[in-house]
Amino acid sequence: MSSKSGISVKGTMDFKSVATFLDDLVKSFKDKTVVVQRGDEFVTLKPADSIDIELEAVMKKGKQKLTLELAWREEIEPQEEVSFRVTSREPEPEPAIQADVSCATVCADTPEDAKKAVEAAAEATSKAAASRAGAKK
């Protein structure tokens with residue numbers, strides 16, 4: 001959220017209603033999405049992995065108070081990881097993979113066998129190129 005928005009609720013509720021509210025809050029918190037809504041207004045909070053917590057329990061002149069404050073920073077969506085490395089050695093050159101199409105056509109017994117051999121050689125070359133491209137990522 002880039003701009004400030006919020007909802008504040010104050011009032012008196014019976015014990016059972018407060019317990020239900022706390023159950024709903026815990027369930028939403030565990031789902032990592034807490035939506036607080038009043039009428040048409042709402043605020044969606046997405047708890048982060050690291051959360052600051054402040055808890056205060058006070059008894060004073062017959063009044064008891066429990067205050068809980070949770071705070072966190074908005075998580076930034078991770079960017080696509082850039083793959084790289086730093087070493088003191090140059091990479092070994094990749095062996096060139098070439099299909100021997102001339103042998104496939106000369107060594108084949110029939111034109112159909114030659115065609116199959118050429119197709120197999122082309123497929124092997126294509127797979128090798130794809131494998132190299134995947135390894136470079």
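The values are calculated or read from the model by the stated rules, or taken from the named source; none is laboratory data. Everything numeric in this text was worked out from a predicted model, so none of it was measured. Positions of Cβ are generated from backbone atoms using ideal geometry, with glycine treated the same way; all protein chains shown enter the neighbour counts.
General remarks:
- The residues of the stretch 8-55 that are outside the structural domain of residue 66 (by TED's automatic domain parsing) and within 18 Å of residue 71 (Cα to Cα), listed by number, are 8, 9.
- Pairs, first surrounded by 11 or more Cβ atoms within 10 Å (Cβ to Cβ) in the stretch 8-32, second of a type in the set (Lys, Arg), C-beta under 7 Å, six or more apart: 32/46
- Test: residue in the stretch 10-30 that is touching a strand residue (DSSP E or B) at 6+ places or on another chain (Cβ under 9 Å) and part of a loop (DSSP other than H, G, I, E, B): no
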